[in-house]
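Here is the structure we will look at, set down as structure tokens.
The values are calculated or read from the model by the stated rules, or taken from the named source; none is laboratory data. On a predicted model such as this, the values are computed, not experimentally measured, just so you know. Virtual Cβ from ideal backbone geometry, glycine too; neighbours counted across all protein chains shown. Areas reflect the complete protein model, heavy atoms only, side chains present, ligands, DNA and RNA absent. Shrake-Rupley method; radii C 1.70, N 1.55, O 1.52, S 1.80 Å.
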Amino acid sequence: MPQLRDIAGEAVMLLAGGRSILLQLADPAIGHGVAHHSDFENRPLDRLAGTLSYAYAVTCGTPDQARTAVRRVNRAHVPVVGAAAGGAPAYNAFTPELQLWVAATLYDSAIGMYERVFGAFDDTTAESLYREYAVLGTALQVPEALWPRDRAAFAVYWQQRLEGLRTDETTRAVARRLLHPRGGPFLLRLAMPLARPVTVGLLPPAVRDLFELSWSPRQQRRFDRMLRIVVRVYPQLPRWVRHWPRDHYLGSPARSAVPDRVR
């Protein structure tokens, strides 16, 4: 049976990173927490880098690396608190239900991307990986009982959460800065014309609409062509290339630590 360390270490899952972040932003509490406590304008990669550092540490790292990552995330979450005001919701980064949604988006995006490239898991493997992925939430403040008991329960939870997502001008502005960064590394801005259609194409159509993201048949055809290329090329890459991001983040204590601005 495939090991979580190997599955979670596949770099192709990074293609779904933007999808996961946008799904998180569509929860009003998370979206406003990010809007008020992150610097997407000048540091557009911070949330993705912090999420990757944490996810690799708890799914693929040593116990020491996992504990370090959890401490850093908890420390970063301390100031992420806001009261309801002007129609905006209250938020607190330690709320288990919000952390559950973040973990759920990471799991759903990662497994969905993996299966697009390598094919669907058999039921036994899929259930085993699902239970193991619970650590993304339970390593923080999510009680084990809060993680849906199996994939069928998760599907119900997922649909209910999708139906409850909302955006406003504040969270849509954060999404625009994510998809159209004006700062950050030059290579990031260079890559965005390719990354944007993948991110938007992977979103559920209803979530695209929430963020007012246009999506035409022509864009869908372009997205489909890009995925066909990925499916054809990626599995042929050497294993060390496919697992390089995981090994990069876990290669030293400095790399496995989560940046302080992981929000």
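How do the pairs read when you match residues in region 223-245 that are closer than 23 Å to residue 52 by Cβ and assigned to a helix (DSSP H, G or I) with residues anywhere that are acidic (Asp, Glu) and open to solvent by 60 Å² or more (accessible area, probe 1.4 Å), using Cβ under 9 Å and keeping only pairs 6 or more apart or on different chains? Close Cβ pairs satisfying both conditions: 240/247.
Listed here are the residues, each with its yes/no results for (1) without any contact (Cβ under 8 Å) to a residue 40 or more places away in the chain; (2) crowded, with 23+ Cβ neighbours inside 10 Å.
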{"residue": "9", "(1), (2)": "no, no"}
{"residue": "13", "(1), (2)": "no, yes"}
{"residue": "18", "(1), (2)": "no, no"}
{"residue": "27", "(1), (2)": "no, yes"}
{"residue": "46", "(1), (2)": "no, no"}
{"residue": "61", "(1), (2)": "no, no"}
{"residue": "71", "(1), (2)": "yes, no"}
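For region 151-182, filtered to residues that are touching a residue at least 40 places away in the same chain (Cβ under 8 Å) and assigned to a loop (DSSP other than H, G, I, E, B), the residue that is least open to solvent (accessible area, probe 1.4 Å) is 165. When 79, 148 are screened for being open to solvent by 60 Å² or more (accessible area, probe 1.4 Å) and outside any helix (DSSP H, G or I), only 79 passes. Consider region 183-230 and keep the residues that are aromatic (Phe, Trp, Tyr) and modelled with pLDDT of 95 or more. The one that is surrounded by the most Cβ atoms within 10 Å (Cβ to Cβ) is 211. For region 102-134, a residue qualifies if it is in a loop (DSSP other than H, G, I, E, B), farther than 21 Å from residue 70 by Cα and open to solvent by less than 40 Å² (accessible area, probe 1.4 Å), and the qualifying residues are 119, 121. Note on region 83-101: among residues that are open to solvent by 30 Å² or more (accessible area, probe 1.4 Å) and part of a loop (DSSP other than H, G, I, E, B), the one that is nearest to residue 147 (Cα to Cα) is 95.
All told, residue 86 meets the bar of being at pLDDT below 95 and out of contact with any Lys or Arg (no Cβ under 6 Å at 6 or more places or on another chain). Here the helices (runs of 4 or more DSSP H) wholly within region 1-76 that include at least 1 residues being under 15 Å from residue 245 (Cβ atoms) are 4-8, 17-25, 46-60.
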